[in-house]
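The values are calculated or read from the model by the stated rules, or taken from the named source; none is laboratory data. Note that this is a predicted model, so its numbers are computed, not measured. Note that each Cβ is placed from the backbone with ideal geometry, even for glycine, and that neighbours are counted across all protein chains shown. With ligands, DNA and RNA removed, areas are computed over all heavy atoms of the protein, side chains included. Shrake-Rupley method; radii C 1.70, N 1.55, O 1.52, S 1.80 Å.
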Amino acid sequence: MTRSPLPALAIFALAVNAWCQEPRPPAYPPIQIAPPATRFQPSAPLPTLANVVLDTFGDAIGVAQQTARAQGLQGRLLWVDATANISRTNSDEKIADLMAKAKAVGFNTVVYDIKPIVGHTMYPSRYAPKLAEWKGAVMPKEYDPLAAMVRESKRQGLQLFVSLNAFSEGHRDFQMGLGYEHPEWQTVLYEPKPFVRASFLTRPTFAVVSEPNAAPPDGSVLGLVTSALRLPAKPEPDAVAIVVDAGGRVLAQGGAAELRSVAPSTPSGGSVLWGWGDAGAYLRTYAQPGDVLEFDSTAQYVPIAERPAQQIPLMVNPHASAVQDRAIAILREVVQGYDVDGVLYDDRLRLGGMNADFSEETRAQFEAYVGRPLQWPDEAFRFVLHPDLSRGIAPGPYYEAWLTFRAMTIRNFVARARSEVVAARPAAKFGVYAGSWFGEYPAFGSNWSSNEFDAGFWFLSDAYRKTGFAPLLDVLVTGCYYKTATIAQAMGAGSALGMTVEAAGQLSNRAAKDQAWTYAGIMLMDFKDDPERLCDALQAACGSTQGVMVFDLSHDIDTFWPILERAFRQPAKAPHAVDGLLAAVRKKRAALEAAGVKDPAVPILAGAAGAGF
């Protein structure tokens, strides 16, 4: 029997009913995740010290890290600063005692600074004076401590690395160094020369100087202070002061008798401007309450020696061929003349800051790089000034090109230096010391990471990434100079996780990406108030990288010898002392990359500006 079809009316009713029903929401089924193992576990990379809780997940990433652990290798470097340790290195007997002590304590490598920031050398050089005295400590004129260091390192079975400051040729506090005699070497700084103008005028304008303790010299410029209490005690009769907020709006104005009462408190980001003569008349006319002043600047270019407050090293220009040639000549002299096991460039393998170098030589090179003349410096960047004279940066259309160009210069110098070392002493290792907070290095033009380092730093473009010079190194030492040892300790204290020895070591290891052995540096003076805390720092350094660098012999080390001896009681060979091992690590890394095996994402835990500089 055949079933008769539904009547058309019934079919219509079913369709209407289905259309009128609410749509069924999509289903979101629950998931089940097995409980993960904790990453924070008691650990002892130095088994003769008490356990410390380490981030065992973050500390285990990378072929270099896993290889060093599997083979029981650990770099243990003692840094010997040149100037601070003259009294410990100015005779054969002292050097013999020092090297014997380093060996007995358990170090396997000594780093001897032979060209400090002053630019003089510790050995007799054809290119620089030999340092004869520092703060009353004397190095005998005919004595060569480097030759003694080489001899005693061989006797003790220690690796000897020498350290050089590539681009510093003078010391601010002593006005010493060849950079003062050769101003053409000095890096040229771009500095904004501040001025103000009323927002409704293009002229007149008045320059601004920050002179908290004196009146403007001739009444033709405006003085700026951040507190009314710092105004001159006896102002000129026609002096005028105004208070501006962070946006440049005038909040108050007063004459000579009212200078202090006009601004009982200065707003955050604001300031007090004052002047007399023409400058006072300008304020009286154009800076009434409610008016807005614009803070701007013109560019001025000054050799770094004219700005001694900037920094202690007298930085020279890495873009200058004469500067590079001199640095290479000194390097060649050392590796040809002394049987050293390695060379490290110290932190001054960089530019003097974001505002260096703006010499005409550098400008010509940069314009050749981008292929056209530029409006200088604005098309690279210009400084923006605020009412308290703090600085910001307005990036120009060639800002990324500027960052890349500077880093490329340093990278290419590193390649040139590496070639010199390999040519003169093929077995010698080559490395770099740098500050550990990678995030601030674009300002200094030094990209010490791998050229394949992939992380979420905003400046790490495809172009900038190519300037990474870790593949040119055997050893990367970073200054993880923090008083807090581990990430777990920072969590417990409620402090910044990135400002720990462990987090800084992890980032350094990840940035190198198996292209160089990485050692975390710690500073003894960070633990002078509680020497036992050094134990945790040593564990964190050796847990997060393939070893530790201890800075410095001069830091009251007699207090710390017993702790270091306890830490290094179980001997270990340095990874860099094993021939061919780094090549094997790099090969395995390349194979993993070819197979599509990737490391976990890089956590960016911000470190402190200047850490390890």
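Summary table
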{"read-out": "Answer from Q21, Q32, Q66 - the residue that is open to solvent by 90 Å² or more (accessible area, probe 1.4 Å) and at pLDDT below 90", "value": "Q21"}
{"read-out": "Hits in the stretch 580-608 - residues which are among the charged types (D, E, K, R) and free of Cβ contacts under 8 Å to residues at least 24 places away in the same chain", "value": "K587, K598"}
{"read-out": "Which listed residue is open to solvent by less than 60 Å² (accessible area, probe 1.4 Å), at pLDDT 95 or above and touching a Ser or Thr at 6+ places or on another chain (Cβ under 6 Å), from L98, L54, L73", "value": "L54"}
{"read-out": "Residue list for the stretch 399-442, filter: open to solvent by 30 Å² or more (accessible area, probe 1.4 Å), hydrophobic (A, V, I, L, M, F, W, C) and part of a helix (DSSP H, G or I)", "value": "M408, V422, A423, A424"}
{"read-out": "Selected residue (criterion: most open to solvent (accessible area, probe 1.4 Å)) from residues of the stretch 443-491 that are among the charged types (D, E, K, R) and out of contact with any Asp or Glu (no Cβ under 8 Å at 6 or more places or on another chain)", "value": "K466"}
{"read-out": "Residue match in the stretch 197-208 (condition: of a type in the set (V, I, T), open to solvent by 60 Å² or more (accessible area, probe 1.4 Å) and not in a strand (DSSP E or B))", "value": "yes"}
{"read-out": "The stretch 250-261 residues that are at positive phi, paired with ones that are at pLDDT below 90 and open to solvent by 20 Å² or more (accessible area, probe 1.4 Å) (beta carbon under 6 Å, 6 or more apart)", "value": "none"}
{"read-out": "Pairs with Cβ under 6 Å, 6+ apart, first in the stretch 223-234 and closer than 15 Å to V196 by Cβ, second crowded, with 21+ Cβ neighbours inside 10 Å and of a type in the set (A, V, I, L, M)", "value": "L224/V208; L224/L273; V225/V272"}
{"read-out": "Neighbours by Cβ (under 8 Å, 6+ apart or cross-chain): first from the stretch 357-378, in a loop (DSSP other than H, G, I, E, B); second surrounded by 17 or more Cβ atoms within 10 Å (Cβ to Cβ) and of a type in the set (D, E, K, R)", "value": "L374/R363; W376/R363"}
{"read-out": "Selection within the stretch 212-251 - at pLDDT 85 or above, of a type in the set (G, A, S) and surrounded by fewer than 17 Cβ atoms within 10 Å (Cβ to Cβ)", "value": "S220, A246, G247"}
{"read-out": "Total residues in the stretch 466-476, condition outside any loop (DSSP other than H, G, I, E, B) and either touching a His at 6+ places or on another chain (Cβ under 9 Å) or under 16 Å from G607 (Cα atoms) (or both)", "value": "1"}
{"read-out": "Residue selected from the stretch 367-395 under the condition open to solvent by less than 30 Å² (accessible area, probe 1.4 Å) and touching a helix residue (DSSP H, G or I) at 6+ places or on another chain (Cβ under 8 Å), by the criterion farthest from V244 (Cα to Cα)", "value": "L374"}
{"read-out": "Hits in the stretch 282-304 (condition: of a type in the set (G, A, S), more than 16 Å from V243 (Cβ to Cβ) and open to solvent by less than 40 Å² (accessible area, probe 1.4 Å))", "value": "S297"}
{"read-out": "Checking Y482 against (1) touching a Phe, Trp or Tyr at 6+ places or on another chain (Cβ under 6 Å); (2) under 28 Å from R39 (Cβ atoms), the condition it does not meet", "value": "(1)"}
{"read-out": "Residues that are of a type in the set (D, E, K, R) and either free of Cβ contacts under 8 Å to residues at least 60 places away in the same chain or buried (at least 21 other Cβ atoms within 10 Å of the Cβ) (or both), drawn from the stretch 334-356", "value": "D341, D346, D347, R348, R350"}
{"read-out": "Filtered residue count, the stretch 566-608, keeping only those that are within 18 Å of T67 (Cβ to Cβ) and either touching a strand residue (DSSP E or B) at 6+ places or on another chain (Cβ under 6 Å) or surrounded by 11 or more Cβ atoms within 10 Å (Cβ to Cβ) (or both)", "value": "20"}
{"read-out": "Residue in the stretch 526-539 that is in contact with a Pro (Cβ under 8 Å, 6 or more places away or on another chain) and in contact (Cβ under 8 Å) with a residue 40 or more places away in the chain present", "value": "yes"}
{"read-out": "Every residue from the stretch 525-541 that is closer than 15 Å to P42 by Cβ and over 21 Å from the mean Cα position of the chain (by Cα)", "value": "C535, D536, Q539"}
{"read-out": "Odd one out for P124, checked against (1) open to solvent by less than 60 Å² (accessible area, probe 1.4 Å); (2) not in a helix (DSSP H, G or I)", "value": "(1)"}
{"read-out": "Selected residue (criterion: farthest from the chain's Cα centre (by Cα)) from residues of the stretch 254-275 that are crowded, with 19+ Cβ neighbours inside 10 Å and of a type in the set (S, T, N, Q)", "value": "T266"}
{"read-out": "Checking Q310 against (1) under 31 Å from the mean Cα position of the chain (by Cα); (2) at pLDDT 90 or above, the condition it does not meet", "value": "(2)"}
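To keep it simple, each residue is scored yes or no on (1) within 17 Å of R39 (Cβ to Cβ); (2) in a loop (DSSP other than H, G, I, E, B); (3) in contact with a Ser or Thr (Cβ under 6 Å, 6 or more places away or on another chain).
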site	(1), (2), (3)
A488	yes, no, no
L497	yes, yes, no
S508	no, no, yes
A540	yes, no, yes
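Table: residues versus (1) within 31 Å of the chain's Cα centre (by Cα); (2) assigned to a strand (DSSP E or B).
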site: G119; (1), (2): yes, no
site: K154; (1), (2): no, no
site: V162; (1), (2): yes, yes
site: E169; (1), (2): yes, yes
